[in-house]
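I have placed the structure first, in the form of structure tokens, so that the comments after it can refer back to it.
The values are calculated or read from the model by the stated rules, or taken from the named source; none is laboratory data. None of the values given here were measured: they were computed from a predicted structure. Cβ: placed from backbone, ideal geometry, glycine included. Neighbour counts: every protein chain shown.
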């Protein structure tokens, strides 16, 4: 069975016997680290970022109260504060923290401290198999993340995780793992340890010393889950059975692990879950230098990718234009080739066509002026005399302007009526008429105009 | 969103560099291609138009040549432009010399140069009896040459039936040499 999944985050938990539990979109078991390395190398499994978990016993834990407004500020303060809590120089340590509670101006944080040397050993081992983790967490936080849903920090809970060899107990109060016990089941069975386990849990509950109701979360395989739940029915009101992650072997079809690797599976799944928790963003034991370097590397990688993409986009755009221009140029050449052999004939025809049109225009409306005079003589009344006349022809229209005299105003205005029967001048209009006194009477001077649309050729 | 001053300056520098880089790349790489594209597109449109015109002319070839053969004698002239103007004035002189009109002025106007032909124009001012003026018009309008009165102004004189006229007369002639190039 091959798992070719491409999630953003993948987690790794190396077991005490050297096998690897990885969580991508499900828990996958690898017999040994080489098999896992081979699967990564062959890209049979892939994650953009890897997150690993280290045992709690490798870390020193401290609870420190800092005058910080938030976890960002508190994390910055730790660089100066930690030296007073530890005998080691800060340069030899890597640390991560998570908020626990707030008391007025003081923020209580839980600090996990790891020696740089120990971290380097872990990273070197992972580097040899081609893994560069983006986050390093601790088992208890990962397990706590797996158990937690969205409960608030002020709640109290006891989480029980039943392996085939042991039972792990996490007592959590105010969001902190107060106690982590390991009840061994080796050389005996679960039923024989019943009384002891119940007693241990009751003691733990008493130690939590809280006035709040304690939630008991039980994570056990299906065949024993109901039985264990019945053990605590009288003592705890709030019991939540949890379903364990299903572990699949990468190489074998059968998935019978006989209750083994339950804790590791829970941690592996919890690691991925913890990434989404904003409170755990500073609980990365990679160390500031490594994180900063990784960020810088990522920034350079992103910048180079953006630059390459920009260049590629511009190149594509340029290429697009070049191809488009080449195509148009090619078509132009084709058209020019098509025109060339017939161009001289076309020019000759065009020349003749133009001359023909010019001559047609020149010879159109011939005899129009003679006809205008003829109609003026025929239709003008006797009492109208013309003193000035102008004629102008343009394209297919001609206009005539007349200045003349009449004996009365009415005669002048009747002039256009008189010309109604004229074929050419029937649209003549009087545009101005003025009576001018003269010795022994008066005379009317008028102006008329007529526009003719040419229709004869 | 508040941005720290140092980060803001850094962002401004990156943004300015990006803008300047984009302008530089655009002007050196994209813009020349855009200009070339514009020129080629215009050339392509012109060629397409030319091809359509050429094809259209070829389709009309027979009809136009037939019609042109009829008017060819009218438009074909001998000699250069000056000689053509001289011929034109002589032609008008032949018309009005037979009439009782007094020519006050003859003005040769600039030649309108068209693609394949030219238009010669003359302005003549004359006085005389209206009867002779009308005869002049009639003779011009009936003349076989492609001459045309485009404008005239007529003013009556003190003496009865005497008029003063100004005429703008044009003539179409073929060009000495055919122009090469445009369809």
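So that you can scan it fast, the table gives a plain yes or no per residue for (1) over 20 Å from residue B:163 (Cβ atoms); (2) in contact (Cβ under 8 Å) with a residue 12 or more places away in the chain; (3) within 14 Å of chain B (Cβ to nearest Cβ):
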residue	(1), (2), (3)
A:392	no, no, yes
A:399	no, yes, yes
A:402	no, yes, yes
A:405	no, yes, yes
A:411	yes, yes, no
A:416	yes, yes, no
A:439	yes, no, no
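Across the range A:287-294, a minimum of one residue is classified as at pLDDT below 90, more than 9 Å from chain B (Cβ to nearest Cβ), in contact with a strand residue (DSSP E or B) (Cβ under 9 Å, 6 or more places away or on another chain) and not in a helix (DSSP H, G or I).
For the range A:367-384, taking the residues that are in contact (Cβ under 8 Å) with a residue 40 or more places away in the chain and surrounded by 16 or more Cβ atoms within 10 Å (Cβ to Cβ), the one that is farthest from residue B:151 (Cα to Cα) is identified as A:379. Once the range B:141-157 is narrowed to residues that are assigned to a loop (DSSP other than H, G, I, E, B) and closer than 17 Å to residue A:363 by Cα, the residue that is nearest to the other protein chains (Cβ to nearest Cβ) is B:146. Within the range A:179-227, being closer than 15 Å to residue A:240 by Cβ, assigned to a loop (DSSP other than H, G, I, E, B) and modelled with pLDDT of 80 or more holds for one residue alone: A:220. Determine whether the range B:34-43 contains at least one residue that is farther than 30 Å from residue A:331 by Cβ and within 13 Å of another protein chain (Cβ to nearest Cβ). So far as the range B:34-43 goes, no, none of its residues is farther than 30 Å from residue A:331 by Cβ and within 13 Å of another protein chain (Cβ to nearest Cβ). Taking the numbered list (1) closer than 30 Å to residue B:151 by Cβ; (2) exposed (fewer than 11 other Cβ atoms within 10 Å of the Cβ) in turn, residue A:304 passes all entries but (1).
Which residue out of A:307, A:261 is modelled with pLDDT under 90, farther than 19 Å from residue A:123 by Cβ and assigned by TED's automatic domain parsing to the domain that holds residue A:136? Walk me through it before giving the result.
Values: A:307 fails: assigned by TED's automatic domain parsing to the domain that holds residue A:136.
Checking each option against the conditions leaves just A:261.
Within the range B:61-77, is even one residue within 30 Å of residue B:131 (Cβ to Cβ), under 33 Å from the mean Cα position of the chain (by Cα) and either surrounded by 12 or more Cβ atoms within 10 Å (Cβ to Cβ) or not assigned by TED's automatic domain parsing to the domain that holds residue B:132 (or both)? Taking every residue of the range B:61-77 in turn, at least one turns out to be within 30 Å of residue B:131 (Cβ to Cβ), under 33 Å from the mean Cα position of the chain (by Cα) and either surrounded by 12 or more Cβ atoms within 10 Å (Cβ to Cβ) or not assigned by TED's automatic domain parsing to the domain that holds residue B:132 (or both).
Tell me, please, whether a residue that is part of a strand (DSSP E or B), over 60 Å from the mean Cα position of the chain (by Cα) and either at the interface with chain B (Cβ under 8 Å from one of its Cβ atoms) or modelled with pLDDT of 85 or more (or both) can be found in the range A:370-384. Break it down into steps so the answer makes sense when it comes.
First, pick out the residues of the range A:370-384 that are part of a strand (DSSP E or B): A:384.
Filter once more, so that each one left must be over 60 Å from the mean Cα position of the chain (by Cα): A:384.
Checking the rest, the ones that are also either at the interface with chain B (Cβ under 8 Å from one of its Cβ atoms) or modelled with pLDDT of 85 or more (or both) come to A:384.
Yes, because at least one residue in the range A:370-384 is part of a strand (DSSP E or B), over 60 Å from the mean Cα position of the chain (by Cα) and either at the interface with chain B (Cβ under 8 Å from one of its Cβ atoms) or modelled with pLDDT of 85 or more (or both).
Scanning the range B:113-140 for residues that are in a strand (DSSP E or B) and at the interface with chain A (Cβ under 10 Å from one of its Cβ atoms) returns B:117, B:118, B:119. The conditions of being assigned to a loop (DSSP other than H, G, I, E, B) and modelled with pLDDT of 85 or more are not met by residue A:73. If we scan the range B:52-74, do we find a residue that is more than 10 Å from chain A (Cβ to nearest Cβ) and in contact (Cβ under 8 Å) with a residue 60 or more places away in the chain? No, every residue in the range B:52-74 fails to be more than 10 Å from chain A (Cβ to nearest Cβ) and in contact (Cβ under 8 Å) with a residue 60 or more places away in the chain.
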